[in-house]
1. What residues from segment 13-27 fall in the zone where the backbone N is under 19 Å from a label point 7 Å along the Cα-to-C-beta line of ILE44?
2. Only loop residues by DSSP count here, and only those with at most 10 other Cβ atoms within 10 Å; note down the trypsin sites (Lys or Arg not before Pro) in segment 77-171 that meet that.
3. Answer rounded, prolate or oblate for the chain, using the Cα gyration tensor with square roots of eigenvalues a ≥ b ≥ c: rounded when a/c is under 1.5, else prolate when a/b is larger than b/c, else oblate.
4. Please work out the FRET efficiency for the pair LYS30 and ALA183, using the Cβ-Cβ distance as r and a Förster radius of 41 Å; give the result to the nearest 0.05.
5. Output the antiparallel fraction of DSSP beta bridges having both residues in the chain, as a percent to the nearest 5.
6. With respect to the cross-link table entries LYS127/LYS266; LYS181/LYS235; LYS30/LYS127; LYS6/LYS253, which display a Cα-Cα separation exceeding 31 Å?
7. Return the FRET efficiency for the residue pair HIS72, LYS127: r is the Cβ-Cβ distance, R0 is 22 Å, and the value is rounded to the nearest 0.05.
8. If I take R0 = 22 Å and measure r between the Cβ atoms of GLN271 and ALA10 in this structure, what FRET efficiency does the formula 1/(1 + (r/R0)^6) give, to the nearest 0.05?
Amino acid sequence: PTFFDKIAGAPKAELHIHIEGSLEPELIFKLAQRNGVRLPYESIEALRAAYAFTDLQSFLDIYYAGASVLLHEQDFYDMTMAYVERALADNVVHTEIFFDPQTHTERGVAIETVVAGIERALADGEKRGLSSKLILCFLRHLSEESALATFEAALPLFDQYAHRLVGVGLDSSEQGNPPSKFARVFAKARERGLKLVAHAGEEGPPAYVEQALDLLKVDRIDHGVRSIESPTLVKRLADTRIALTVCPLSNLKLCVFDDLKQHTLKSLLAQGVAVTINSDDPAYFGGYVNTNYLATVEALGLADAEVYTIIRNGFEASFVTPAARDALL
Ligand code: HPA
Ligand code: ZN
């Protein structure tokens, strides 16, 4: 087998995937028809043609439009099941999935409906060999009050789905919405013993990564690629082994880097940072986990040892216990 075959066939963990970002155009149109939702796109082709992003916000506008077709428990099941199939095909054995409850509750969909549909698919996936956890993300372009209300509404779910729903995260428009805006809701989540992650240093400055560490006290940083602009921050990440969930094709499609060859993943890895490779929003950015690995290996010329380190980092930075981790491999 070739080096690429070995990577594709290796058991992997995925730690940065927005389930709403796994909605393929075909399923968006199918659900729109099923639910009588009108989309501002004529056809699957017209929707796909709109996937020409210039920055994070230009993507988020289309991503939220796509999610508008999700209304019923079965819709969340179908979306999640389609991702489970893709993950299994890529030999992902463990995945930690983000969902954005406010995207749905703002349209009148109950948070219980969202979680029930996702959970049913993940339970089915588990029977087929895909271990999984779920992370509730707050939308940072909305208010602190909205995040606090979402957290309160989710409290019974953290008990009911304790086996799955293990943490909270922070996503959406980064610039102008620093981690400091959400210090109180993250403190509440921490008091409850939940795992904590936040998107930081994707478009925002290294100072946002430092805020996520100091004020939110996160266990991992999502993206974090702009950390490289601060040598002291890179050293801190390396020393503490706080992992970065890097998403190379996302960074390329959202113009964080002009070319994958300019991606700083290899340099971060060389400086001792616990880098992982993930798909972010695979239906929008051109591929699932294996495509991200292969494109990155090709563009940066990663060696065998570097790739195996990245794969191992994915398991080490995951939220499964060391014993459960060994059972995955
Ligand atoms: N960044 C911020 N918010 C997001 C992303 C992302 O890459 N994907 C989905 N929501
Ligand atoms: Zn993301």
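Computed from the coordinates by the stated procedures, all read-outs in this text should not be read as laboratory data. Predicted model, so just to flag it, every value in this text is computed and none were measured. Ideal geometry is used to build each Cβ from the backbone, glycine not excepted, and the neighbour counts take in all protein chains shown.
1. Zone members listed by number: 21-27.
2. On the way: sites: ARG86, ARG107, ARG120, LYS127, ARG128, LYS133, ARG140, ARG164; in loops: ARG107, ARG128, ARG140, ARG164.
Filter output for segment 77-171: ARG128.
3. Numbers: a/c = 1.30, a/b = 1.17, b/c = 1.11.
Cα axes put the chain in the rounded bin.
4. Numbers: r = 41 Å, r/R0 = 1.00.
Given R0 = 41 Å and the Cβ-Cβ separation, E is 0.50.
5. On the way: 0 of 30 bridges.
Counting DSSP beta bridges with both partners in the chain, the antiparallel share is about 0 percent.
6. On the way: LYS127/LYS266 36 Å; LYS181/LYS235 26 Å; LYS30/LYS127 26 Å; LYS6/LYS253 26 Å.
In this structure, LYS127/LYS266 exceed 31 Å between Cα atoms.
7. Values: r = 23 Å, r/R0 = 1.04.
Taking R0 as 22 Å, the efficiency between HIS72 and LYS127 is 0.45.
8. Numbers: r = 24 Å, r/R0 = 1.09.
The value I calculate is 0.35.
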